[in-house]
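The values are calculated or read from the model by the stated rules, or taken from the named source; none is laboratory data. Values in this document were obtained by computation on a predicted structure and should not be read as measured data. With ideal geometry, Cβ positions are generated from the backbone for all residues, glycine too; neighbour counts draw on all protein chains shown.
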């Protein structure tokens, strides 16, 4: 109990509720269309309804919850329109980040990225492709930070959040994770060589792989979409 109390002390109650619900929604432990009640969630966490309401509003701003007056709050389904917009914005930003990173990349930066690549390989070898998602996130974040544009990753992250649940449906497969790791290695090599043309071509191909995944998921899980 003391450990739980310490967590609440370090963060606001709304933060704790938000983080747990966010993880449950993104990991698809809670599926699109599921109804949520402020009262039920408050009882689950042993808190008042106000922090739950705050967490709901934050999740709503991320398009993860559909909040309507006098109607039940529900986990929002995927929207092809929002997904396609997020894909467009992310590609535009990340291509520019990679292009500029090529001009400053050095051995020290390459070593940091290589350590991340080693971790990616380790989770695949261990038969834990579900852990790949976090390392993939860290890989792209490192390129933004090491390339000198850490704030650009905030935009990339915002776009990623809109389709993270789709990624979960795909990245549970070892073959998918292994293919993305190949892209990561090729991108790391192009950055180290300072080859802007190769780096931007690779990031376009890498991000474009998700398009087929989105189409496949839309066909197989149409009930998850609005």
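Residues satisfying the criterion are absent from the stretch 46-53 (criterion: assigned to a helix (DSSP H, G or I) and within 30 Å of residue 208 (Cβ to Cβ)). Among the residues of the stretch 209-223, those that are under 18 Å from the mean Cα position of the chain (by Cα) and touching a residue at least 40 places away in the same chain (Cβ under 8 Å) comprise 210, 211, 213, 214, 217. Of all residues in the stretch 32-64, those satisfying the criterion of being surrounded by 13 or more Cβ atoms within 10 Å (Cβ to Cβ), in contact with a helix residue (DSSP H, G or I) (Cβ under 7 Å, 6 or more places away or on another chain) and more than 13 Å from residue 18 (Cβ to Cβ) are 32, 38, 42, 49, 63. In the stretch 116-185, counting only helices (runs of 4 or more DSSP H) that sit wholly within it, none holds 3 or more residues that are closer than 18 Å to residue 205 by Cα, touching a strand residue (DSSP E or B) at 6+ places or on another chain (Cβ under 8 Å) and modelled with pLDDT of 95 or more. Set side by side, the residues 37, 27 differ, and just one is over 18 Å from residue 225 (Cα atoms) and in contact (Cβ under 8 Å) with a residue 24 or more places away in the chain, which is 37.
Taking the stretch 65-76 as the range and being in contact with a helix residue (DSSP H, G or I) (Cβ under 8 Å, 6 or more places away or on another chain) and either surrounded by fewer than 17 Cβ atoms within 10 Å (Cβ to Cβ) or assigned to a helix (DSSP H, G or I) (or both) as the test, only 67 passes.
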